[in-house]
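These notes are about the structure you will find just below.
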Amino acid sequence: MTLRELVMTWEKTSTNPLTEKEYPIRLTLKDAAKVAALAEMYPSRTVEQILSDLVGAALNELEYTLPYVQGDGISALDERGDPIYEDVGPTSRFVELTRKHLSQMQSH
């Protein structure tokens, strides 16, 4: 989900599963004021839901902006038969580590 799609989603309720672990954070005064403004604008969303949605959208956007670094190995062929080279940059590492941690969290 992008940040642009997030506001439209706030009009509906979210059903994504949550972790048992909580992540306490401290915000700058300006960011806290922005969160309070969003909570007032979207009273059906709690502050925690707003923060969770914002973190999720930011992580999706971060993953999208991580640079692709072409490796030497061919991971697939595109529809024209041209090689698609493996990604050896931070994107593939981030995806790999995300899968690892998700698997660990789901098994507990």
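Residue by residue, the range 92-108 carries 3J(HN,Hα) couplings of 5, 5, 4, 5, 4, 5, 4, 4, 4, 5, 4, 4, 5, 5, 6, 7, 8 Hz when phi is fed to the Karplus relation 6.51 cos²θ - 1.76 cosθ + 1.60 (θ = phi - 60°); x denotes Gly or Pro.
Among the aspartates and glutamates, which have Cα under 19 Å from the Cα of LYS30 when same-chain residues fewer than 8 positions away are ignored? Within the straight-line limit of under 19 Å, LYS30 reaches these aspartates and glutamates: GLU40, GLU48, ASP53.
Hey, could you get me the Stokes-Einstein D for the range 1-65, Kirkwood radius over alpha-carbon pairs, 20 °C and 1.002 mPa s, rounded to whole µm² s⁻¹? Answer, rounded: 169 µm²/s. Between TYR85 and VAL47, the contour length at 0.36 nm per residue exceeds the alpha carbon distance by 9.4 nm. Once C-alpha pairs closer than 8 Å and six or more residues apart are averaged by separation and normalised to the residue number of the range 1-107, the relative contact order reads 24 percent. Could you work out how far helix 47-65 tilts from the main Cα principal axis of the chain, as a 0 to 90 degree angle to the nearest 10? Value to nearest ten degrees: 20. Where only DSSP H runs of four or more residues are counted, the chain gives -17000 deg cm²/dmol as its mean residue ellipticity at 222 nm, each run worth -39500 (n - 2.57). Relative contact order of the range 69-108, taken over Cα pairs closer than 8 Å and 6 or more residues apart, is 32 percent.
All of the numbers you see were taken from the coordinates with simple rules; none came from a lab. These figures come from a predicted structure and were not determined experimentally.
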